[in-house]
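Chemist: The following block contains the structure, expressed as structure tokens.
None of the figures in this text is laboratory data; all of them are computed from the coordinates on show. Note that the structure is a prediction, hence the values are computed from the model and not measured. Counting neighbours? That spans all protein chains shown, and the Cβs are built from the backbone with ideal geometry, glycine included.
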Amino acid sequence: MLRCVFVLFVILLSGCSTQTSLTADATGCRRGDLELRPSRYKDLGSTTTWCARCKSDMVKCVGNADQTKAICKPATSEDGCR
């Protein structure tokens, strides 16, 4: 029984990705080189829009509500990434 609960727990967690994982997948940047950055989106409590830095590049990412996919583009000065 305990094994079944554990397997179910692992299956449920495998469908959710972190913003770091989604950013790495969308940009090709290694997870160890990524840093989630403060932004106006984070200040507003958004979980579907965020900013990240990969080495010297800042990106703005937008993910879907169930956190399975994201699109990241180079951030501009109007994006509110810090």
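Chemist: Less than 19 Å from a label point 7 Å out along the Cα-to-Cβ axis of Asn64: which backbone N atoms in the range 20-42 qualify, by residue?
Modeler: 20-28
Chemist: Another question, then. Treating cross-link reach as a plain straight distance, find the aspartates and glutamates whose alpha-carbon is under 15 Å from the alpha-carbon of Lys60, omitting any fewer than eight places away in the same chain.
Modeler: The reachable aspartates and glutamates, counting only those whose Cα sits under 15 Å from Lys60, are Asp25, Glu35, Asp43, Glu78, Asp79.
Chemist: What full-extension length gain, to one decimal in nm, is calculated for Arg30 and Thr47 as 0.36 nm per residue of separation minus the Cα-Cα distance?
Modeler: Gain on extension, Arg30 to Thr47, equals 4.0 nm.
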